[in-house]
1. Please indicate, with yes or no, whether at least one residue in segment 82-89 is out of contact with any Leu (no Cβ under 6 Å at 6 or more places or on another chain) and loosely packed, with under 11 Cβ neighbours inside 10 Å.
2. Whether any residue in segment 99-111 is under 14 Å from the mean Cα position of the chain (by Cα), at pLDDT below 95 and among the charged types (D, E, K, R) is what I want to check.
3. From the residues in segment 12-26 that are of a type in the set (A, V, I, L, M, F, W, C) and under 16 Å from the mean Cα position of the chain (by Cα), which one is surrounded by the most Cβ atoms within 10 Å (Cβ to Cβ)?
4. Just a yes or no: is a residue in segment 65-77 surrounded by 12 or more Cβ atoms within 10 Å (Cβ to Cβ), under 19 Å from His5 (Cα atoms) and touching a helix residue (DSSP H, G or I) at 6+ places or on another chain (Cβ under 8 Å)?
5. Hey, Ser37 hits all of (1) surrounded by 12 or more Cβ atoms within 10 Å (Cβ to Cβ); (2) in contact (Cβ under 8 Å) with a residue 40 or more places away in the chain; (3) over 15 Å from Ile101 (Cβ atoms) but one; which does it fall short on?
6. Cβ-Cβ below 6 Å, separation at least six or inter-chain, first residue in segment 68-84 and within 11 Å of Arg57 (Cβ to Cβ), second crowded, with 18+ Cβ neighbours inside 10 Å and β-branched (Val, Ile, Thr): which pairs?
Amino acid sequence: MILWHNPRCTKSRQALDLLEDHGIRPKIRAYLHDAPSEDEIRGVLAALRVAPIDMMRPKEKRFAELGLRADSAPDVLIRAMSENPVLIERPILISGARAAIGRPTENLLPLLEG
């Protein structure tokens, strides 16, 4: 399992605690410093089965600075996340072809059940 993690984020830390409480030590990806490529983002979106806007933080200041909108083209949103990883919602747990956004943290539990 891979956790896209921001150690400064309470929800991200809670997600890591939840995983560790279940005996799981995920590979940590500090996505703010190791930004995912557009292809990686597309893969995670497919695993999440959501639209790009649903994997984003639209209230983040950078979202407005870039002139993005909820109805911006998917490719525009994906490029924005790759170039500005602060726009990616956190945390995201990836397990094979499945993924979940840990907001709330309990959203991660189905991935732990196999």
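1. Looking for residues that are out of contact with any Leu (no Cβ under 6 Å at 6 or more places or on another chain) and loosely packed, with under 11 Cβ neighbours inside 10 Å, one finds none in segment 82-89, hence no.
2. Yes - at least one qualifying residue is present in segment 99-111.
3. Selected residue: Ala15.
4. no
5. It fails just one condition, (1).
6. Filtered contacts from segment 68-84: Met81/Ile41; Met81/Ile88.
The values are calculated or read from the model by the stated rules, or taken from the named source; none is laboratory data. If you're wondering where the values come from, they're calculated on a predicted model, not measured in any experiment. No Cβ is skipped: glycine too gets one built from the backbone with ideal geometry, and neighbour counts run over all protein chains shown.
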